[in-house]
Structure formats: C-alpha cells, structure tokens
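Written out below as structure tokens is the structure these notes cover.
The values are calculated or read from the model by the stated rules, or taken from the named source; none is laboratory data. Quick caveat: nothing in here was measured; it's all calculated off a predicted structure. Cβ placement follows ideal geometry from the backbone for every residue including glycine, while neighbour counts extend to all protein chains displayed.
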Amino acid sequence: MVRRVRSVHRCADCGADHPKWAGRCESCGAWNTLVEEIAAPRGRASERSRARAAAAGADPVRLDQVAADATPRLLTDLNEFDFVLGGGIVPGSMVIVGGEPGIGKSTLLLQCAARLEARDTTTLYVSGEESVEQVRLRADRLSEAAGRVRVLPEVRLDSVIARAEQLGARVVIVDSIQTTYSDDLEGAPGNVGQVRECAARLMRFAKESGAAVLLVGHVTRGGVIAGPKTLEHMVDTVLYFEGETTGDFRVLRAVKNRFGSVDEVGVFEMSAAGLRPVANPSAAFLSGRDRTTPGSAVTAAMEGTRPVLIEIQALASRSGYGTPQRVATGLDHRRLAVLLAVLERRAQVPFHDLDVFVNVTGGMRLVEPASDLAVVAALYSSVRDRPVPEDVVFLGEVGLGGEVRPVSSIDRRLVEAQRLGFQRAFVSARGGGRPPMTTIPIAHVADLANQLAR
Ligand code: TYD
Ligand code: MG
C-alpha cells in the first residue's frame with residue numbers, strides 16, 4: 001500500500017498547523033509565516049511500540065569505542081578549497097557553498113568534480129539550472145579535464161537521490177538547492193519549505209550513504225542564502241564565495257564548519273581557464289599598489305589562522321552637494337563613520353565638507369577592528385595629500401577616545417608583513433610581543449597624524 005505523504009503549512013512563529021497555505025496565521029495572526037512541511041505520522045507510544053522503536057533504531061555507543069576519524073577525507077587537490085574545508089571533504093558531510101549569482105560557484109564545483117574524478121572519486125554533478133550542453137561549454141574552458149564528470153540535468157529530488165545511489169557517487173554536487181524540489185510538497189522550487197525539505201532529505205542521504213553532498217545556494221545582495229537561513233543550522237559546513245564580480249579575486253570563506261576552523265579563507269583568481277588558487281594572497285593583493293599615491297595604507301588582517309596583507313584606499317574630495325557622501329567597499333560603513341568622527345574630534349582633521357570613499361582592495365572584507373589604524377592612516381594621507389611611506393604597515397584598533405589599542409596575533413601579522421618587504425610597523429603603544437621589525441608606537445590617533453606629517 002502506498003501511503004501518500006501529507007504536508008501541512010506550519011506557522012514559523014507559533015507552530016500552528018494549517019491544511020492550506022494562507023497569508024496570515026489564523027492562530028497568532030502573523031503575516032507570511034506559514035512554511036510547508038511534511039506532516040509527521042502520528043502514533044501512540046505504547047510500551048510495545050516503544051520497544052520496537054528501540055530495536056529498529058541505533059544503539060548507544062561508549063565514546064571510547066568510537067573509531068576516531070575512520071574514513072579519510074577526500075582531497076580535491078584544489079588546495080585553497082581543501083584548506084578552507086579543514087583538509088578536504090569529509091565523507092557523509094553536507095556543505096553549502098553560498099554566493100551571489102555569477103561569482104563562480106558552478107565553476108568552482110565543476111573544477112572540484114573534475115579533480116575528484118581524476119583521483120578516482122566517483123562524482124555526480126546535478127545541474128538544475130543549466131543544460132548539459134551549457135555545463136560542457138564551461139568545462140571546455142577549464143584547465144582541468146572534466147570529461148569523466150557525470151552531469152545529471154535534474155530538478156526532482158527523488159531522482160537525484162536515486163541516481164546518486166545507483167551510481168555509487170562518493171560526492172554529489174547539487175547546483176542549486178533553489179532549483180531542486182520534492183514532489184511531496186506543493187510549493188514551488190526555491191520557496192522556504194521546499195529548500196528546507198530538500199536540504200533535510202539530502203542531509204539524510206549523506207549520513208546514510210556516506211556520500212558527501214555539496215550544495216550551491218544563491219545569496220541575495222543582502223548576503224543571506226535566499227530565504228532559507230535555516231539551512232545554515234542544518235548543514236555541517238557553510239562556505240561563502242565572495243568578491244567583486246568585476247575584479248578577478250574571489251574569496252572562499254568558512255562561516256561554519258563542524259570539521260574545521262571557521263573564518264578560514266581561501267583565495268582564488270578567476271582566469272580564462274577557471275579559478276586558480278592564489279598561493280600567496282598577500283603578494284597578490286598588494287600587486288596593484290601604487291606606492292606614490294596618497295590615500296593608501298596596508299594592514300595585516302587575520303583571515304582565520306592566516307595573516308593576509310591588505311591595502312586600504314581612501315579618497316577624500318570636496319563635496320559638491322549638501323550632505324557629503326560616505327562610501328565604503330569591503331568595510332562596514334558604520335565603522336567608517338566612527339573612524340571619521342574620531343579623526344575629526346580627536347585629531348582635528350575636518351571631514352564635514354568632504355566626500356569620503358574607502359575601498360578594500362582584492363575584494364576582501366575587513367571585519368576586524370585591527371585594521372582601524374590603517375583606515376585612519378589612509379584617510380589622513382588622502383586629506384593631507386601625502387603618500388604614506390611605502391615600507392610601513394599599520395596594526396591597531398582605534399577607540400572612541402582616539403586611543404590606539406593593541407591587536408591579537410601581532411607577531412604573526414608582523415612576520416607576514418616582513419616577509420613581503422615591510423620594514424616598519426605602526427602599532428599600539430600598549431602592544432607587547434617581540435616584533436621582528438622596527439615598530440613605531442602610537443598611543444593616540446593624534447600621534448599618528450604627527451608621525452605621518454614628518
Ligand atoms: P559561474 O560559475 O557560472 O557563477 P555562479 O555559478 O556563481 O553563478 O561563473 C560565472 C562567471 O565566471 C562568468 O561571468 C564567466 C566567468 N568565468 C571565467 O571568467 N572563466 C572561466 O573559465 C569560467 C568557467 C567562467
Ligand atoms: Mg551557477
């Protein structure tokens with residue numbers, strides 16, 4: 001007997017079930033909160049059925065009897081990708097690769113598939129967005145030979161899982177989660193209920209079969225994986241692929257990783273033959289630097305466990321209109337507003353009639369306050385129209401009082417800076433450590449101004 005799966009529309013706020021979709025929850029009155037889910041079959045937990053459930057389920061295991069890391073990770077040999085995952089793909093894990101359209105997610109995963117096949121790891125590339133011809137065209141451009149990769153043009157979840165099982169695939173790539181749908185639900189592909197159900201089923205498939213599932217998830221401009229933010233909690237690993245689509249650098253960042261450290265980044269360059277790992281990101285990011293232009297300063301940011309040198313550019317120009325513009329790329333605009341206010345009030349550098357543009361080169365995004373001092377130096381240098389000395393790197397957090405505070409991992413940042421030819425560092429006067437180069441202690445942003453004016 002075939003039992004049809006029943007779906008319900010459940011309110012995400014109060015949990016009330018509705019047989020049909022509605023714009024408003026009848027129970028709590030919230031709007032747009034109903035999400036379609038598969039209804040769980042109800043049953044009475046009598047003693048007998050409980051015993052049966054225990055017999056059918058898993059046995060408790062003593063932790064010291066669990067084999068440590070039994071199955072080795074699958075390497076793609078795409079070094080930066082393996083590195084961000086924490087040393088390759090974990091069998092049975094589910095990874096989501098999020099990113100804006102056009103950033104290179106399909107390219108990245110096709111390259112992974114090609115490399116996995118080259119190492120005799122059976123891989124299935126499910127393409128719900130593009131035809132096999134389109135995938136073939138992309139494959140032709142790549143430096144990897146992708147001929148052995150099996151492509152499945154399919155959007156129905158049941159077929160995807162059936163084919164993956166039939167093939168015995170060790171890695172299944174689903175491009176994308178937003179085009180995959182389950183027949184058990186009525187909603188259109190891409191809606192929250194569908195995305196959640198498909199991800200949950202694929203997760204179960206991964207755990208049961210031991211195959212790794214790599215999901216592509218599109219991200220809206222705002223930066224969330226479209227709709228299903230809940231996916232991030234379900235999957236083992238969440239990677240974001242970022243960068244300026246106009247520039248060549250792409251940054252793969254782990255924001256969640258059950259099998260490795262988070263905030264680890266891998267840097268790639270988009271070339272005519274696909275994505276190339278950038279082995280030396282610091283050198284790459286500094287390669288376009290013009291040492292004689294005012295408004296440029298370099299900092300060493302910790303990206304996960306690695307220090308990376310990053311150039312910050314600032315341009316302050318007389319504003320033509322009433323309210324001056326503040327534009328920040330790769331930097332939080334509120335942080336920029338704070339630093340401008342600190343410079344204005346604590347170091348008497350006026351910005352009120354200037355448009356200010358700040359740009360972090362290489363498509364990187366500064367999240368650490370450790371780069372404050374470099375931002376301030378770039379701003380100051382632009383206003384005064386004097387270049388920052390080219391052999392100087394800036395490391396310091398700036399407080400509201402204008403005080404400069406020490407940063408973490410200072411020694412490792414300085415070693416990286418020295419490796420790339422920097423000879424002096426502006427650091428907090430309160431900073432410790434055993435610096436491998438000349439350091440210039442800065443207690444307050446006003447000191448910085450004096451030092452740079454020299
Ligand atoms: P794609 O992988 O389709 O992005 P996504 O899946 O994230 O939407 O990449 C699209 C861009 O990458 C497209 O603008 C073309 C460019 N590209 C190259 O520059 N070189 C290449 O070798 C390939 C395959 C793509
Ligand atoms: Mg794509």
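Data overview
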read-out: Extreme residue, nearest to residue 214 (Cα to Cα), among residues of segment 134-151 that are within 15 Å of ligand 2 (Cβ to nearest atom) and not in a loop (DSSP other than H, G, I, E, B); value: 151
read-out: One residue from 404, 388 being surrounded by 19 or more Cβ atoms within 10 Å (Cβ to Cβ), in contact (Cβ under 8 Å) with a residue 24 or more places away in the chain, under 18 Å from residue 313 (Cα atoms) and among the hydrophobic types (A, V, I, L, M, F, W, C); value: 388
read-out: Of residues in segment 152-177 being more than 24 Å from residue 90 (Cβ to Cβ) and in contact (Cβ under 8 Å) with a residue 24 or more places away in the chain, the one farthest from ligand 1 (Cβ to nearest atom); value: 158
read-out: Residue among 216, 195 that alone is within 16 Å of residue 234 (Cβ to Cβ) and in a strand (DSSP E or B); value: 216
read-out: Number of positions in segment 156-175 that are part of a helix (DSSP H, G or I), in contact with a strand residue (DSSP E or B) (Cβ under 8 Å, 6 or more places away or on another chain) and among the β-branched types (Val, Ile, Thr); value: 1
read-out: Flag for residue 237 being in contact with a Leu (Cβ under 7 Å, 6 or more places away or on another chain), farther than 24 Å from residue 164 by Cβ and modelled with pLDDT of 90 or more; value: no
read-out: The one condition in (1) modelled with pLDDT of 95 or more; (2) hydroxyl-bearing (Ser, Thr, Tyr); (3) more than 16 Å from ligand 2 (Cβ to nearest atom) that residue 27 fails to fulfil; value: (1)
read-out: Filtered residues of segment 252-274 (kept if at negative phi and touching a Ser or Thr at 6+ places or on another chain (Cβ under 6 Å)); value: 257, 273
read-out: Options 131, 106; residue that is within 15 Å of ligand 1 (Cβ to nearest atom), at pLDDT 95 or above and crowded, with 17+ Cβ neighbours inside 10 Å; value: 106
read-out: Test: residue in segment 79-99 that is without any contact (Cβ under 8 Å) to a residue 24 or more places away in the chain and either touching an Asp or Glu at 6+ places or on another chain (Cβ under 8 Å) or within 16 Å of ligand 2 (Cβ to nearest atom) (or both); value: yes
read-out: Residue satisfying all of: in segment 173-184; more than 21 Å from residue 219 (Cβ to Cβ) and crowded, with 17+ Cβ neighbours inside 10 Å; farthest from ligand 2 (Cβ to nearest atom) among these; value: 184
read-out: Segment 254-284: number of residues that are in a loop (DSSP other than H, G, I, E, B) and within 16 Å of ligand 1 (Cβ to nearest atom); value: 3
read-out: Odd one out for residue 71 among (1) within 16 Å of ligand 1 (Cβ to nearest atom); (2) part of a loop (DSSP other than H, G, I, E, B); (3) surrounded by fewer than 18 Cβ atoms within 10 Å (Cβ to Cβ); value: (1)
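Conditions (1) within 30 Å of residue 99 (Cβ to Cβ); (2) in contact with a strand residue (DSSP E or B) (Cβ under 6 Å, 6 or more places away or on another chain), marked per residue:
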| residue | (1), (2) |
| --- | --- |
| 349 | no, no |
| 358 | yes, yes |
| 372 | yes, yes |
| 375 | yes, yes |
| 406 | no, yes |
| 413 | yes, yes |
| 430 | no, no |
| 435 | no, no |
| 440 | no, yes |
